Amino acid sequence: MAVTVRLPGALREATGGKTKLEVSAGTLADIISDIDRRHPGFRSRVLDDSGAIRTYVNVYIGDDDARAHGGAGAAVPDGSEIMVIPAMAGGSA
Amino acid sequence: MISHAREEAPREACGLLAGRGGGITRLIRCANVHSTPTTRYVIDPREQLKAFRTIEGAGEELVAIYHSHPVSQPYPSPTDRAEAHYPDAFYILVSLRTGKPEVRAFRIDAEKFVREVPIAVERRGLARLLTNSPGRGH
């Protein structure tokens, strides 16, 4: 089994157009680094310089918010599905 | 979108439009969970996740993200530009600043350049955003 990473269109440009990737299980940071090796620049879109999930990015492991389970250090077991979703925000001010 | 904006005023309303082939077939109202909702919006992340799954399950695509400006113009603010992370989607603004609602659509690319896109309502309840028009860049 593997881990499925789903990316909305917003991150598609960072992965050569791919919105669905298969990776090996590990921590979320491991998985992001794995994707970054295949698609350089992906990591910086999701993690900041300190290695934390960027404030405007939401990562779900199944239905669970990764931030509630260790953030970038969250364990992602085989068979999991991850969704990396940039926030939708703004406003008149 | 206009109804949603009116119901939520003075808070900023927000939501998604989905569809196929450039047309819009679904509107998903979302909760604005920002701490200052009268001038800012953040779509509830859990509702956003649920909406993405609904859209994907229906074989549709995200077409647009809409939100309202209750008292200001229907144009992307500096905050709207800074927080835009979906260059493939349209950003629709609904303004209630006058007695007549104003609705305008834009693209905000990765460099935060704003380009307006004309909206054509082809029949009741269905609108098609014109994607081939060069629009006006900003």
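Coordinate-derived values only; no laboratory data. Computed from a predicted model, the values in this text were never measured in an experiment. Cβ coordinates were reconstructed from backbone atoms using ideal geometry, including for glycine residues, and neighbour counts include every protein chain displayed.
Taken along its three principal axes, the alpha carbon spread of region A:3-86 comes to 29, 27, 20 Å, from the longest extent down to the shortest. Rg/Rh for region A:1-40 stands at 0.94; both radii use Cα atoms, and Rh follows the Kirkwood definition. Treating r as the C-beta distance of A:Y56 and B:E61 and R0 as 22 Å, the FRET efficiency rounds to 0.55. Summary value for chain A: 36 percent relative contact order, contacts being C-alpha pairs under 8 angstrom separated by 6+ residues. Sorted ascending by nearby beta carbons within 10 Å, beginning with the fewest, B:C30, B:C14 become B:C30, B:C14.
Peptide A:82-88 is shielded by partner chain Cβ atoms: per residue, an average of 6 of them sit within 10 Å of its Cβ. Across region B:2-137, the mean sequence separation of Cα contacts (distance under 8 Å, 6 or more residues apart), normalised by length, yields a relative contact order of 20 percent. Dividing the summed -39500 (n - 2.57) terms of all DSSP H runs of n ≥ 4 by the residue count of the protein assembly as shown sets its mean residue ellipticity at 222 nm at -5000 deg cm²/dmol. What would the Debye formula give as log10 I(q)/I(0) at q = 0.12, 0.16, 0.20, 0.22 Å⁻¹ for the alpha-carbon point model of chain B, no solvent? Values returned for q = 0.12, 0.16, 0.20, 0.22 Å⁻¹ are -0.43, -0.81, -1.32, -1.59.
Against the longest principal axis of chain A, how steep is helix A:28-38, in degrees 0 to 90 to the nearest 10, with axes from Cα atoms? Value to nearest ten degrees: 90. Here the protein assembly as shown has an Rg and Dmax of 17.9, 58 Å, counting Cα atoms alone. In terms of surrounding Cβ atoms within a 10 Å radius of their Cβ, A:D36, B:D80 rank from fewest to most as A:D36, B:D80.
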